[in-house]
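Asks: Below: one structure in structure tokens.
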Amino acid sequence: MSYIDKIFSNRKKILVTGGAGFIGSALIRKLLKYSSLIILNIDKLSYASDLFSINKLLDDKNIAKRYKFLKIDLYNFKEIRKALFDFEPDLVFHLAAESHVDKSILDPSIFIKSNIVGTFNLLQSSLEFYETLSDIKKKFFRFHHISTDEVFGSIEDDKLFHEKSSYDPRSPYSASKASSDHLVRAWSHTYDLPVILTNCSNNFGPWQFPEKLIPKAITNALRGTKIPLYGDGLNVRDWLYVDDHVEALLLSANKGTIGESYCIGNNNEKTNKEVLFEICNILDELKPAKGSYFNLIKEVKDRPGHDRRYAINPQKIQNQLNWIPKYNFRHGLEKTIKWYIDNHSWWESKK
Ligand code: NAD
């Protein structure tokens, strides 16, 4: 029995929403490769989605028979409710969301539909399903909502976000995620739906759509085009390698206390400038070009309302659930850059 099967013990059927996205697909790959769990992946398949990384595992018949994908938009209550009742999950990992802050500034409406109404539809369907369960099934059912540290707004230099930090979202994206967190807590408090919430810092790793800071910088550098640096480049984020996030999700969904939230971060605070410098450094070593990659970095106009600093205190999940991240920033970044170097055709197809 694998360590994942042991953690999940009485939970066998797992519904993942947003499983064609960056973090959701990393979670599903892990579950398919290292457990015997049965997975239903629900995703609307947006521009940011990619099923290739999962589909290439399905040549293995033992994996293929444990996996199903349904193309559903969570905005469609009827479809999501039917899928949930047909599948009868023991646990729901809710990752589906529109996730790019810049896009939320240009067109917020889709963020309201997917992140707020979509979460409501999934919560309400899950509650209706939960109420049909036997007492023993109810005991093990969990709804795990995956959220972000951006809901807490920007924080001063000497402070860290923690589970009791007050909400202060400042972009349409973070406001929509904050709304969904509030809905999830309300469904727990009012209707006793057994929920777990996690708020994680910025992720990076393979298969991330090249619109986000790190993959955009790597792919632009590999093309020899400008690497954009917002404003003065001094905005700080706490970076976490995606596999460490996945391990934190497996633990918190199964071992977390019902109704509680866990902040996930790695004390890897970096300014955007430091991130780009580190990327150029590694690329200069791994794939030397005519000139240094540093010459490609160009300051561009800052994002409106750009939060200055996010930083997490991860003590609760570390102490209570014994979560230990494996990757420091440099190690995770090297792995990520090597992956983008080796998977040129994938990211070239995402232009
Ligand atoms: P992503 O954009 O790569 O993937 C999101 C997936 O959700 C996409 O495949 C998309 O098609 C799907 N989706 C969006 N709206 C949907 C809808 N209405 N119905 C069905 N599917 C829908 O995002 P990601 O980086 O993998 O993030 C996953 C989750 O983790 C999000 O909820 C995000 O808020 C959260 N999160 C992300 C980070 C990060 O740094 N990427 C950090 C903390 C938390």
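Asks: Give the residue, chosen from Ala96, Ala83, Ala175, that is within 16 Å of the ligand (Cβ to nearest atom), over 20 Å from the mean Cα position of the chain (by Cα) and either surrounded by fewer than 19 Cβ atoms within 10 Å (Cβ to Cβ) or of a type in the set (A, V, I, L, M, F, W, C) (or both).
Replies: The unique qualifying residue is Ala83.
Asks: Just the residues that are among the polar types (S, T, N, Q), touching a residue at least 40 places away in the same chain (Cβ under 8 Å) and near the ligand (Cβ under 9 Å from one of its atoms), please, taken from the stretch 49-80.
Replies: Applying the first criterion (among the polar types (S, T, N, Q)) to the stretch 49-80 yields 49, 53, 55, 62, 76.
Restricting the remaining residues to those that are touching a residue at least 40 places away in the same chain (Cβ under 8 Å) gives 53, 76.
Of everything in the stretch 49-80, just one residue is among the polar types (S, T, N, Q), touching a residue at least 40 places away in the same chain (Cβ under 8 Å) and near the ligand (Cβ under 9 Å from one of its atoms), namely Asn76.
Asks: Regarding Ser154, is this residue over 22 Å from Arg309 (Cβ atoms), in contact with a strand residue (DSSP E or B) (Cβ under 8 Å, 6 or more places away or on another chain) and polar (S, T, N, Q)?
Replies: Criteria not met by Ser154.
Asks: For the structure I just gave you, tell me whether Tyr262 is of a type in the set (Ser, Thr, Tyr), closer than 30 Å to Phe143 by Cβ, within 16 Å of the ligand (Cβ to nearest atom) and not in a loop (DSSP other than H, G, I, E, B).
Replies: Answer is yes for this residue.
Asks: Shifting gears a bit: Does Tyr34 satisfy being in contact with a strand residue (DSSP E or B) (Cβ under 6 Å, 6 or more places away or on another chain), more than 9 Å from the ligand (Cβ to nearest atom) and of a type in the set (Ser, Thr, Tyr)?
Replies: Working: in contact with a strand residue (DSSP E or B) (Cβ under 6 Å, 6 or more places away or on another chain): no; more than 9 Å from the ligand (Cβ to nearest atom): yes; of a type in the set (Ser, Thr, Tyr): yes.
The answer is no for Tyr34.
Asks: I need the full set of residues from the stretch 7-25 which are out of contact with any Gly (no Cβ under 7 Å at 6 or more places or on another chain) and more than 7 Å from the ligand (Cβ to nearest atom), in order please.
Replies: Ile7, Phe8, Ser9, Asn10, Arg11, Lys12, Lys13, Ile14, Leu15, Gly19
Asks: Something else: Could you figure out which of (1) farther than 16 Å from His331 by Cβ; (2) of a type outside the set (Asp, Glu); (3) in contact with a Ser or Thr (Cβ under 9 Å, 6 or more places away or on another chain); (4) modelled with pLDDT of 95 or more isn't true of Asn235?
Replies: For Asn235, the failing item is (4).
Asks: Same structure again: Out of all the residues in the stretch 102-115, which are within 10 Å of the ligand (Cβ to nearest atom) and either buried (at least 19 other Cβ atoms within 10 Å of the Cβ) or of a type in the set (Gly, Ala, Ser) (or both)?
Replies: Of everything in the stretch 102-115, those that are within 10 Å of the ligand (Cβ to nearest atom) and either buried (at least 19 other Cβ atoms within 10 Å of the Cβ) or of a type in the set (Gly, Ala, Ser) (or both) turn out to be Phe111, Ser114, Asn115.
The values are calculated or read from the model by the stated rules, or taken from the named source; none is laboratory data. From a predicted model like this one, the values you see are computed outputs, not experimental measurements. With ideal geometry, Cβ positions are generated from the backbone for all residues, glycine too; neighbour counts draw on all protein chains shown.
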